[in-house]
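For reference, the structure discussed in these notes is given below.
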Amino acid sequence: MSFLEIFQYTRQDSIIHRLDPRSKLFLTLVCAIISLLFLDIIPLLIIFASLLPLLAAAKSLRRWAKSMKGLLVLLVFIMVFNTLLSTGPYPFSYSVSLTLRLVALMTSFSLFFLTVHPDELSQALIQMRVRFEFAFAMSMAMRYVPTLGHEAYAIMDAQRSRGVELDKGNFVQRVRNIIPIIVPLIIVSIRRALSIAESMESRGFGASENRTYMERLQFRRRDWSLVIVSLGVLVTVLYLRFIVGLPDLFLWNIGF
Amino acid sequence: MALVKFDDFSYKYYGADSLALKKINLTIDNGEYVVITGPSGCGKTTLCRAINGLVPRFHRGYIAGHVYVDEKDTREHEVAHFAAIAGLVFQNPENQLVTLNVEKEIAFGPENLGVNPVEVRRRVEEIIDLLDLEHLRDKHPHEMSGGEQQRVAMAATLALNPQILVADEPTSNLDPKSAEKILEIISTLNKRGMTVVLVEHRLDLVAKEATRVVLMDRGRIVADGTPTEVLVADICQDIGVGIPKATEIYKRLNAKGLRLGSVPLTGEELALLIQEGTV
Amino acid sequence: MIILEDVEYSYDGIYTALRGVTLQVDRGESVAIMGTNGAGKTTLIKHFNGLLRPQAGNVFLEGKDTSQMSVAEMAKIVGLVFQNPDHQLFLESCKKEIAFGLKNLGFTQEEAEERCDQTLSRLGLEGFAERSPFALSGGERKRVALASVLATEPDVLALDEPTIGQDARQKESLARMLMEMNKKGRTVIVVTHDIEFVIEHFPRTIAMSDGQIVADGDTSSVLTHEEVLERCSLTLPQMTQAAKALRHRFDNVSDRLASLSDIESIATTLLEGA
């Protein structure tokens, strides 16, 4: 699952990590919008290239590169598939730019998720007026998904020890073999959920309309600067794209 | 009035065949260290849940009688109301840690109750200091051992500033050293004035520190007194409660007509009493 | 019966759980494996039925190299009972639950039913046959999970933390049942933190720490060794404490003694002599 790691928070101390999640969200959205504005190779390459220094500033370049490597097969597959199916005049050129756009989009979002702690994310959502219960549910999902994974492995071990052969037999047999895994997993999860709820209830979850927060996120000067710079870039790009128009050089494509 | 008072309290979970608690009368005063024990299914856990109103508020069922906590009837108030009076610690630490780092976990309870952020921060720092959690401050639950997780769960409960700590088999999933550490913390808290209710099977670990042992069987309280009084009684064997081995030796010697000066609860005490007996 | 030679295992190639474990358990032995959480005990017993395969070293079962054997084949010889019964129970009655494992291992319907009834009555669970395991208490579910493995009558029975959540009486009946199996020539291996349970019932103890075996031998010598206790995060049980305290006071007491009856007889001698 290493390719999912580009969306998984890594504990680091970097200038990007210290930014307010809301300003990072803004940056990410601006990057994503800009990537969606273009479908030509050169502009997309420029966007992609300008994301890399940001990743480097977040000290996450290596991790990003590692999981991108895991995605390489998928990207090549998309590229080949698109080339074969595309009906446009330059199918290969077109699918290269589509793939580039996808990479740029993923990189924009990865910049956000790599550097925002799930707790910060839920705090940001709360301060953006999302209800506490929803924001908290999201961060609890993050908390318990790995636990669920461990549990699934433990169940498989227990059932294999009773002679269940998970990877044997025809399709029907294999599907049937899932039942001894899935049923205990559901039951264990329900029991766990009850026990978690009990603990949360005992600590006053949902008790007060005026829930407080030990730490509130603060928009600092650096966050405002980031928002203003991003906005400036967005406006400039929109202006170039729609009012001025791109010079021919930027519209170059691979000739097939 | 007593801090906790069970007044002829009976309880049956919806869908259950039999009563979980039968006519419980029990008062717990400030500063006590009460160990509750009994065979599996005797109602210990239900009793704990009744102290902060989880029974009958969270676990629905049939009730008779009342439980008063800090003079308030648990039937008439929300669980949250008792959160700052009776803090519960449960058996499985993994299911009590709901956030992604230790500071947030400790802050979770007081934040829920709307405590002022400056005060929340103060409590977090105080408890991190008290339970020696500094090195765990930023840790994710998965980065901690079971013993560490349970310490954090206890910290998270203490952050509500409860008057009474109710711990339901907090050590049963831990290795012996971690268990010892948790029990040490509980006993220290008691010495600082906290009232403690602890459910525990392993009486050899806790009998020495407790001021009182309550024995339960099939939903009833069958014995209630000082540790030595209760543990030496034959009812322990009758209902299948394991008593400390030192106490067991006392009883066996007694049966042979060899009397020791008093009832030992630990190996050290036993050795001392044997020495006294031979002089 | 079971032989491990220099077995090494690490999870994801990062976290090393076993670093060169060599051990031999003979037919008919009863052995306790003790150690801190994360010492590698559970990883170790998962090698006994092939759930985990050694990344270096070998595992032999009844003299055969197991590298070519499937888990299902090994499960016929080694029955593993895990800590959490909820990880295996999934059918609507206890009887079906027990029959499930039997059928997986190749027993016919009639054989399965017969064994099922035998096992239930042996564990005193007759009344549970038609009941749903989900309606039972934790301790009862634990016994049903145990029954489902016992029914297959494996030569080796390995249990992970069987005493957790069990009260004194349940522990006693568990011990009695294990000793009975053992008398019939079956090998019993438990992983546990419960030092008193080990002292009273298991003649041999393997102590583990940090993926290695730090001591292997007579329970009475392994569990009185202070360094071993320290490394395995074990605390001295009451009777050993008493023995040590008595040794300070009386010269003729050995501080190696550990069981209840040992201390009882010493105390009797001392007191009657006075």
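Values in this text are rule-based calculations from the coordinates and carry no lab data. On a predicted model such as this, the values are computed, not experimentally measured, just so you know.
Some values worked out for this structure:
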read-out: Chain B: angle of helix B:102-112 to the longest principal axis, Cα-based, in degrees nearest 10; value: 80 degrees
read-out: Inverse mean reciprocal Cα-Cα distance (Kirkwood Rh) of chain A, Å; value: 22.0 Å
read-out: Average Cα contact separation per residue, chain B, under 8 Å, 6 or more apart, as relative contact order %; value: 22 percent
read-out: Pairwise centroid distance, computed over Cα atoms, of the range C:1-55 with the range A:177-204, Å; value: 30 Å
read-out: Computed over the range C:1-114, Kirkwood Rh from alpha-carbon pairs, angstrom; value: 15.8 Å
read-out: Inverse mean reciprocal Cα-Cα distance (Kirkwood Rh) of the protein assembly as shown, Å; value: 30.1 Å
read-out: Mean ellipticity per residue at 222 nm, deg cm²/dmol - from DSSP H runs of n ≥ 4 across chain C, formula -39500 (n - 2.57); value: -12000 deg cm²/dmol
read-out: Relative counts (whole %) of C-alpha pair distances in chain B, using bins that are 5 Å wide; value: 1, 6, 12, 15, 17, 16, 13, 9, 6, 3, 2, 1, 0
read-out: Relative contact order (%) - criterion: Cα under 8 Å, at least six apart; region: chain A; value: 33 percent
read-out: Mean ellipticity per residue at 222 nm, deg cm²/dmol - from DSSP H runs of n ≥ 4 across chain B, formula -39500 (n - 2.57); value: -11000 deg cm²/dmol
read-out: D_trans [Stokes-Einstein, Kirkwood Rh over alpha-carbon pairs] for the range A:24-124, 4 °C, 1.567 mPa s, µm² s⁻¹; value: 90 µm²/s
read-out: Whole-Å distance, taken between Cα centres, linking the range B:214-279 and the range B:144-166; value: 31 Å
read-out: Per-residue [θ]222 nm for chain A (sum of -39500 (n - 2.57) over DSSP H runs n ≥ 4, rounded to 500); value: -23500 deg cm²/dmol
read-out: Mean separation of Cα contacts under 8 Å (6+ apart) over length of the range A:78-229, as relative contact order %; value: 16 percent
read-out: Candidates B:MET154, B:MET144, B:MET216: whichever shows maximal mean-square fluctuation once chain B is modelled as a Gaussian network with Cα springs under 10 Å; value: B:MET144
read-out: Degrees between helix B:245-255 axis and first principal axis of chain B (Cα, 0 to 90, nearest 10); value: 30 degrees
read-out: Principal-axis tilt of helix B:267-278 within chain B, Cα atoms, nearest 10 degrees; value: 20 degrees
read-out: Chain A: DSSP helices with Cα axial extent of at least 18 Å and average Kyte-Doolittle hydropathy no lower than 0.0; value: A:21-37, A:41-57, A:61-85, A:91-115, A:132-160, A:171-202, A:221-238
read-out: DSSP bridge pairs, the range B:110-245: antiparallel proportion in percent, nearest 5; value: 50 percent
read-out: For the range A:65-100 versus the range B:86-131, the gap between their alpha-carbon centres in whole angstrom; value: 49 Å
read-out: Kirkwood-based shape ratio for the range A:129-204, expressed as Rg/Rh from alpha carbons; value: 1.14
read-out: Highest-MSF residue in chain B out of B:ASP17, B:ASP168, B:ASP132 [GNM, Cα springs under 10 Å]; value: B:ASP17
read-out: Entries in B:LYS44/C:LYS142; C:LYS95/C:LYS183; C:LYS103/C:LYS183; B:LYS12/C:LYS171; A:LYS168/C:LYS96; B:LYS139/B:LYS191 that, when Cα-Cα distance is taken, lie over 31 Å; value: none
